[in-house]
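Reading through the structure tokens given below for one structure.
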Amino acid sequence: MFRLVFIVKQSEFERGESKKNLDLFIKESQLPNPVVHHPVLSRNFCDIRSNIYTDIMDEYTKKRTAFFLIIIPQNNAEVYKVIKIKSFFQLKVLTQSIFSRIFDKGRSVSIKLKQHIIDKLVLASWGLSQDIYKGVSMVSLKLLFLGV
């Protein structure tokens, strides 16, 4: 069974835009409702460590989670880099990370995000069991692009 985890700071989720945009994304993509996880982050953005996110990913990977949609606080490119490296080389799970300011843009981002995620789900059979694809619409593809 396909399982999606949405990782977002609680204050961002509660402020309204993230929840609204997640609902829009789910509606557009027709993916199942995600598990929502709120990491406990420091108020000081300089103190946000990537292991906060990767520890959450470790926890859910043990529960056979296949995909993580992660909202990263602004100006944390190092967090993004570590998430991508660990997800690809160690955990072998799919992720889509996006900065909070970008995610807040609404429908235009939701459409692009939907396409990125569908592409990754269809194209990334490199390390995942095939049973995660049950219930997900497949599209015919002629080219293979896998972004890290």
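The values are calculated or read from the model by the stated rules, or taken from the named source; none is laboratory data. Please read all numbers here as calculations on a predicted model, not as lab measurements. Virtual Cβ from ideal backbone geometry, glycine too; neighbours counted across all protein chains shown. Just the protein is used for accessible areas: all its heavy atoms, side chains included, with ligands, DNA and RNA removed. Shrake-Rupley method; radii C 1.70, N 1.55, O 1.52, S 1.80 Å.
Before moving on, here are some points about what is shown:
- Of all residues in region 1-17, those satisfying the criterion of being in contact (Cβ under 8 Å) with a residue 12 or more places away in the chain, more than 23 Å from VAL93 (Cα to Cα) and not aromatic (Phe, Trp, Tyr) are GLN10, GLU12, GLU17.
- Restricting region 40-64 to residues that are in a loop (DSSP other than H, G, I, E, B) and more than 18 Å from ILE85 (Cβ to Cβ), the residue that is modelled with the lowest pLDDT: ASN44
- Selection over region 86-114 of residues that are in a helix (DSSP H, G or I) and in contact with a helix residue (DSSP H, G or I) (Cβ under 9 Å, 6 or more places away or on another chain) gives a count of 13.
- Those residues of region 74-104 which are among the charged types (D, E, K, R) and either touching a Gly at 6+ places or on another chain (Cβ under 9 Å) or touching a residue at least 60 places away in the same chain (Cβ under 8 Å) (or both), in sequence order: LYS84, LYS92, ASP104
- For region 74-85, the count of residues that are modelled with pLDDT under 85 and under 22 Å from LEU31 (Cα atoms) is zero.
- Whichever residue in region 22-39 is at pLDDT below 85 and of a type in the set (S, T, N, Q) and, among such residues, is most open to solvent (accessible area, probe 1.4 Å): GLN30
- From the list SER97, SER137, SER129, SER125, the lone residue that is hydroxyl-bearing (Ser, Thr, Tyr) and modelled with pLDDT of 80 or more is SER97.
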